[in-house]
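For reference, the structure discussed in these notes is given below.
Here, each number is a calculation from the coordinates, and none is a lab measurement. No experiment lies behind these values; they were computed from the predicted model shown. When we count neighbours, we look across all protein chains shown, and the Cβ atoms used for this are built from the backbone with ideal geometry, even at glycine.
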């Protein structure tokens with residue numbers, strides 16, 4: 001919640017999404033999730049929460065083409081849920097276990113990468129990826145950090161960036177736009193998509209579309 005003179009903004013989290021994210025993170029379905037302290041966070045965590053909610057409010061919800069895309073909406077909901085569980089003390093979140101460290105293997109990595117490649121066009125998140133690999137979300141995170149030096153969601157964004165590039169190369173510039181293609185693959189912020197695309201392919205996406 002943020003209080004300004006004459007204005008209140010509320011962030012309402014879907015219990016089903018919270019449970020999905022917590023289940024993947026802990027490798028078990030939690031009981032009823034309760035936040036035990038919504039005010040006792042330090043300044044850096046408070047800033048992180050503000051940045052997350054502001055991103056969803058100012059970027060995702062304010063762009064009609066983005067907010068209509070299932071990938072964008074699903075990612076935003078899970079982003080808010082994961083941030084809330086990581087920032088505010090609650091009854092669901094626990095530390096990584098010995099099983100998580102054991103399961104962070106190359107076999108787990110292969111299963112998760114294959115699942116991402118096959119389902120990049122669907123509204124999948126960390127919970128779905130972990131479920132497909134039959135391990136916890138933390139085991140998946142450890143596997144990616146240990147073997148690839150990245151995170152599962154960063155790897156998924158890279159796959160989707162490649163798919164967006166594929167679409168831009170083959171698109172008719174008279175029928176398609178960069179924003180529409182970016183939103184289709186879950187990139188809500190046009191400027192960030194452009195910067196990421198330019199860093200990867202050496203040209204802005206509009207040049208690829210016009211080529």
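Some values worked out for this structure:
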| item | result |
| --- | --- |
| Expected 222 nm ellipticity per residue - DSSP helices of 4 or more, -39500 (n - 2.57), all of the chain, to 500 | -18500 deg cm²/dmol |
| Prolate/oblate/rounded label for region 96-149 (Cα gyration tensor, a/c 1.5) | prolate |
| Mean separation of Cα contacts under 8 Å (6+ apart) over length of the chain, as relative contact order % | 23 percent |
| Three principal axis lengths of region 111-203 [C-alpha, angstrom, descending] | 45, 23, 19 |
| Within a Gaussian network of the chain (alpha carbon springs, distance under 10 Å), most fluctuating of 126, 154, 81 | 154 |
| Neighbour-count order for 163, 170, fewest beta carbons within 10 angstrom listed first | 170, 163 |
| Max mean-square fluctuation residue, GNM over the chain, Cα-Cα springs under 10 Å, options 129, 33, 73 | 33 |
| Efficiency of FRET between residue 198 and residue 8 - r from beta-carbon atoms, R0 30 angstrom, step 0.05 | 0.15 |
| For region 157-210, fraction of C-alpha pairs farther apart than 12 Å, in % | 57 percent |
| Kirkwood hydrodynamic radius of the chain, Cα pairs, Å | 18.6 Å |
